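This report concerns only the one structure given below.
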Amino acid sequence: MTDPFAWLAGWIHETLLIPLLWRAGWMQWEDTSFMWALFAVYGVLQVVINYAICVPAERFRPLVRWDRRESVGMDVFYTLLARIGVFPLVTFFGFYWIQTALNGWLTDHGYIPPTLETLFPALLDLPVGTFLIYAVILDAADYWRHRFSHTFGWWYGLHALHHAQRHMTFWTDDRNHVLDDVIGYVWFIAVGLAVGVPPMQFPLLVLTLRLVESFSHANTRIRFGWLGERLLVSPQFHRAHHGLDAAGRNSCNYGGVFPWWDMLFRTADFRHDVVETGDPRVPEALATGSWLQQQVGGLRLSWRLLTRHRRQKVTAG
Ligand SMILES: [Zn+2]
Ligand SMILES: [Zn+2]
């Protein structure tokens, strides 16, 4: 039996993409467009799985109830754009191409890049173990990416778009500035290449990690228990990151999937008292503007925070 995802991708490819390519005279992109369709199918699958898990959690055990939910619609748009548009581009065009080209070039020059399995042959019989190790490494890298995005003002200007949401639901995970997403993926790809993640495992890893991250944004009272929330990032743990502390900062719980990095680097906060999210310090356009207004607003805020010190120096001097 053929893989149902490959079958569906093949169907989309033949009925939709090939006629388009034919008309545009771009038949040389035929193979590439099939791969894009395949990865887009994975993206849709990801949205479906997220939906099936998170919607019941939000509906039956909600944390906050709102009368108006318009801003949630924008997060749905962000999710579809990220998972169906950007995810295939990044995992295939980004990772797959670079990985195969780089490995080909290295092999041509007489160097076989090591993988986890060649370094630790015992892992050859443990594909799940290798997968987990890659997930842990990528998540550690993501902890630092996220922490830096709160450290540097210009970067927080972009990341503030994610934090501006007052109606946080599982859809909020993908509410990001395009530039912030690009930086995040470049970071992820670089680490993935450095540790030798096999190209077809990369999308699967992104898929798995993002599932936990989506759930961690859910508007739900579901608890993981004392041990559970120390093993995997829970909705309460990530909500604490979305709340502002007494000093008006988001300064805890940067971890995306495993809370271990926060525990290790002393940024973990396991209290459950944060309910309200949002960032009143940033322009309202970032919270309730149109997609374009949010993107432009993020760039403006980033520029303002980047030049803040220079301006302060001028006025002080
Ligand atoms: Zn953050
Ligand atoms: Zn978040």
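The values are calculated or read from the model by the stated rules, or taken from the named source; none is laboratory data. This is a predicted model, so every value here is computed, not measured. Heads up, the Cβs are rebuilt from the backbone with ideal geometry, glycines too, and the neighbour counts pull from every protein chain shown. Areas reflect the complete protein model, heavy atoms only, side chains present, ligands, DNA and RNA absent. Shrake-Rupley method; radii C 1.70, N 1.55, O 1.52, S 1.80 Å.
In region 248-264, how many residues are within 19 Å of L138 (Cβ to Cβ), without any contact (Cβ under 8 Å) to a residue 60 or more places away in the chain and within 16 Å of ligand 1 (Cβ to nearest atom)? Break it down stepwise before answering.
Kept after step one, since they are within 19 Å of L138 (Cβ to Cβ), are these residues of region 248-264: 253-264.
Retained after the next criterion (residues that are without any contact (Cβ under 8 Å) to a residue 60 or more places away in the chain): 253, 259-260, 263-264.
Filter once more, keeping what is within 16 Å of ligand 1 (Cβ to nearest atom): 253, 259.
Number satisfying all stated conditions: 2.
Residues that are within 16 Å of ligand 2 (Cβ to nearest atom), modelled with pLDDT of 90 or more and under 26 Å from L80 (Cβ atoms), at least 1 per element: which helices (runs of 4 or more DSSP H) completely within region 184-255 meet that?
201-216, 235-242
If a residue has to be touching a Ser or Thr at 6+ places or on another chain (Cβ under 7 Å) and not hydroxyl-bearing (S, T, Y) to count, how many in region 151-161 make the cut?
The total comes to 5.
Out of the residues in region 222-237 meeting the condition of being among the hydrophobic types (A, V, I, L, M, F, W, C) and over 19 Å from the mean Cα position of the chain (by Cα), tell me which one is nearest to C54 (Cα to Cα).
So the first thing to find is which residues in region 222-237 are among the hydrophobic types (A, V, I, L, M, F, W, C), and the list is 222, 224, 226-227, 231-233, 237.
If we keep only those that are over 19 Å from the mean Cα position of the chain (by Cα) as well, we get 222, 224, 226-227, 231.
Details: I222: 11, F224: 14, W226: 21, L227: 21, L231: 19 Å.
Here the residue is I222.
Determine which member of the set H162, H167, H177 is closer than 16 Å to S290 by Cα, open to solvent by 20 Å² or more (accessible area, probe 1.4 Å) and within 16 Å of ligand 2 (Cβ to nearest atom).
H167
Taking only pairs six or more apart or across chains, which ones have beta-carbon atoms under 7 Å, a first residue in region 225-247 that is within 16 Å of ligand 1 (Cβ to nearest atom), and a second residue that is among the β-branched types (V, I, T) and in a helix (DSSP H, G or I)?
V233/V212
So which residues in region 259-272 are open to solvent by 20 Å² or more (accessible area, probe 1.4 Å) and within 16 Å of ligand 2 (Cβ to nearest atom), if there are any at all?
Hits for region 259-272 are W261, A268, D269.
Being in contact with a Gly (Cβ under 9 Å, 6 or more places away or on another chain) and among the β-branched types (V, I, T) is true for just one of I84, I12, I53. Which residue is that?
When all the criteria are applied, what remains is I84.
Identify, please: which residue in region 9-64 is within 30 Å of R223 (Cβ to Cβ) and among the aromatic types (F, W, Y) and is, among those, farthest from the chain's Cα centre (by Cα)?
F60
Between a residue in region 167-183 that is closer than 16 Å to V90 by Cα and any residue that is of a type in the set (V, I, T) and open to solvent by 30 Å² or more (accessible area, probe 1.4 Å), which pairs come within a Cβ distance under 7 Å, given they are 6 or more apart or on different chains?
From residues that are closer than 16 Å to V90 by Cα, the pairs are D181/V86.
Only residues that are part of a helix (DSSP H, G or I), open to solvent by 70 Å² or more (accessible area, probe 1.4 Å) and over 24 Å from M200 (Cβ atoms): list them for region 6-28, please.
Scanning region 6-28 gives T15, L20, W22, R23.
Residue check, T151 against (1) hydroxyl-bearing (S, T, Y); (2) more than 16 Å from the chain's Cα centre (by Cα); (3) farther than 20 Å from G255 by Cα, all met but one. Which one?
Only one criterion is unmet by T151, namely (3).
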